[in-house]
């Protein structure tokens, strides 16, 4: 497991023509891609650990939640948002290798390089990675292409692409690329038909990298309820972490992962441009704390745990993200743990399914078919 910067992508190769059955050339599966691993990259020392008899558990770099499909094949292109998650996990692993000191290496240099690359990828991700899926929800089938070919270059020039898109949808500006005009007119018609809080909900969803299926599942209230998200538009706006807490996925897309929501609520660097300070959650915001806690407890349940000691829960919450994005709820949790399923509550009970509560003895346990308010 490692990472390196790609230095060159070779040309696409094609099979020869075989008319009349194959009149056009078809691309081959292979393509030459070169990386600059020696100068800009590194490898985690799994083999060195195993050969020396060390336990590699602490240095393992696992696939980010919700990104398994992107890492399921020999070679796969990953989005900038997923790349942020992968680089953050690599940061955790390299820091663990350095702290344990069992294998010599230029770990300090790798940490500096990783942080530089992470800032670069955050900038490429931008503040509105889900805008293409929003446009597809509004009926613009080429919304993702429009995002990449029109909005990304505008963002690189420093323009607020969400404000630009609003101006186009409201008729205050015209897109210069005439090929996209019919699709934008379709999207504008649907946008104008919606009322608040739907506009604010779609603006919020544009901050998360969601697939068109995931976004549709949230935006349509009936689909939202079928997916287990028992929260109205206003409740999602008040606490977006409810999406990762409650979503049970769909037939054609994965569940919405905590990390996807967290990157939208706590973007870094250029990805935080154009977002009001009040729209960003502090690291120990109770809604974030609860969202991380639910993810930790779900993972514990999948590993067979029924109870998780309170101190271990706090420890896992703190270790969920790398140091720069860590969630440290120590004081918040000790003072407010009884309010985990009560305080800041504005919703009706959810549909019966696995939930979590404090059992009064500094442990957290599973429960089914109980009330679990939306914070």
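For residue 249, indicate whether it is on the phi > 0 side of the Ramachandran plot and out of contact with any strand residue (DSSP E or B) (no Cβ under 6 Å at 6 or more places or on another chain).
It is true that residue 249 is on the phi > 0 side of the Ramachandran plot and out of contact with any strand residue (DSSP E or B) (no Cβ under 6 Å at 6 or more places or on another chain).
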Legend entry - Filter result (assigned to a loop (DSSP other than H, G, I, E, B) and touching a helix residue (DSSP H, G or I) at 6+ places or on another chain (Cβ under 9 Å)) within region 124-158: 126, 127, 128, 129, 130, 138, 139, 140, 141, 142
Inset, instruction - Take region 1-60 and flag every residue that is in contact with a helix residue (DSSP H, G or I) (Cβ under 6 Å, 6 or more places away or on another chain) and part of a loop (DSSP other than H, G, I, E, B). - result: 44, 56
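Could you identify the single residue in 226, 181, 176, 157 that is closer than 27 Å to residue 295 by Cα and without any contact (Cβ under 8 Å) to a residue 60 or more places away in the chain?
Values: 181 fails: closer than 27 Å to residue 295 by Cα; 176 fails: closer than 27 Å to residue 295 by Cα; 157 fails: closer than 27 Å to residue 295 by Cα.
Criteria check complete, one pass: 226.
Can you go through 44, 69, 50 and tell me which one is modelled with pLDDT of 90 or more and within 29 Å of the chain's Cα centre (by Cα)?
On the way: 69 fails: modelled with pLDDT of 90 or more; 50 fails: within 29 Å of the chain's Cα centre (by Cα).
Result of the check over 44, 69, 50: 44.
Condition check: outside any helix (DSSP H, G or I) and surrounded by fewer than 21 Cβ atoms within 10 Å (Cβ to Cβ). Does residue 103 satisfy that? Before you say what the answer is, go through the steps one by one.
On the way: outside any helix (DSSP H, G or I): yes; surrounded by fewer than 21 Cβ atoms within 10 Å (Cβ to Cβ): yes.
Answer is yes for this residue.
Give the residues of region 299-314 that are in a helix (DSSP H, G or I) and either surrounded by 18 or more Cβ atoms within 10 Å (Cβ to Cβ) or touching a residue at least 40 places away in the same chain (Cβ under 8 Å) (or both), sorted by residue number. Reasoning before the result, please.
Of the residues in region 299-314, the ones in a helix (DSSP H, G or I) are 299-302, 310-314.
Result: 300, 301, 310, 311, 313, 314.
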Inset, instruction - Name the one entry in 120, 88 that is modelled with pLDDT under 95, assigned to a helix (DSSP H, G or I), at negative phi and surrounded by 17 or more Cβ atoms within 10 Å (Cβ to Cβ). - result: 88
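Which of the following residues is in contact (Cβ under 8 Å) with a residue 12 or more places away in the chain, buried (at least 20 other Cβ atoms within 10 Å of the Cβ) and farther than 16 Å from residue 81 by Cα: 280, 243, 275? Give the steps one after another, and end with the answer.
Working: 280 fails: buried (at least 20 other Cβ atoms within 10 Å of the Cβ); 275 fails: buried (at least 20 other Cβ atoms within 10 Å of the Cβ).
That would be 243, the only listed residue that is in contact (Cβ under 8 Å) with a residue 12 or more places away in the chain, buried (at least 20 other Cβ atoms within 10 Å of the Cβ) and farther than 16 Å from residue 81 by Cα.
Look through 217, 224, 207 and report the one residue that is in contact with a strand residue (DSSP E or B) (Cβ under 6 Å, 6 or more places away or on another chain), closer than 22 Å to residue 258 by Cα and surrounded by 14 or more Cβ atoms within 10 Å (Cβ to Cβ). Can you show your working first?
On the way: 224 fails: in contact with a strand residue (DSSP E or B) (Cβ under 6 Å, 6 or more places away or on another chain); 207 fails: in contact with a strand residue (DSSP E or B) (Cβ under 6 Å, 6 or more places away or on another chain).
Of the residues listed, the single one that is in contact with a strand residue (DSSP E or B) (Cβ under 6 Å, 6 or more places away or on another chain), closer than 22 Å to residue 258 by Cα and surrounded by 14 or more Cβ atoms within 10 Å (Cβ to Cβ) is 217.
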Legend entry - Test for residue 74: is it surrounded by fewer than 16 Cβ atoms within 10 Å (Cβ to Cβ), free of Cβ contacts under 8 Å to residues at least 24 places away in the same chain and closer than 30 Å to residue 214 by Cβ: yes
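Could we say that residue 237 is at pLDDT 95 or above, outside the structural domain of residue 294 (by TED's automatic domain parsing) and closer than 27 Å to residue 67 by Cβ here? Even if it seems obvious, please write down each step before you answer.
Working: at pLDDT 95 or above: yes; outside the structural domain of residue 294 (by TED's automatic domain parsing): yes; closer than 27 Å to residue 67 by Cβ: yes.
Yes.
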Legend entry - Tally of residues being assigned to a helix (DSSP H, G or I) and closer than 18 Å to residue 323 by Cα across region 265-278: 2
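Hey, which of the helices (runs of 4 or more DSSP H) in region 198-257, taking only ones fully inside, have at least 1 residues that are under 12 Å from residue 130 (Cα atoms)? It would help to see each step written out before you state the result.
On the way: elements: 198-205, 212-219, 221-226, 233-238, 242-246.
In region 198-257, 198-205, 212-219 are the helices (runs of 4 or more DSSP H) which contain 1 or more residues that are under 12 Å from residue 130 (Cα atoms).
The values are calculated or read from the model by the stated rules, or taken from the named source; none is laboratory data. What you see is a predicted model, and the numbers here were worked out from it, not measured in a lab. Reconstructed Cβ throughout: ideal geometry from the backbone, glycine too, with neighbour counts over all protein chains shown.
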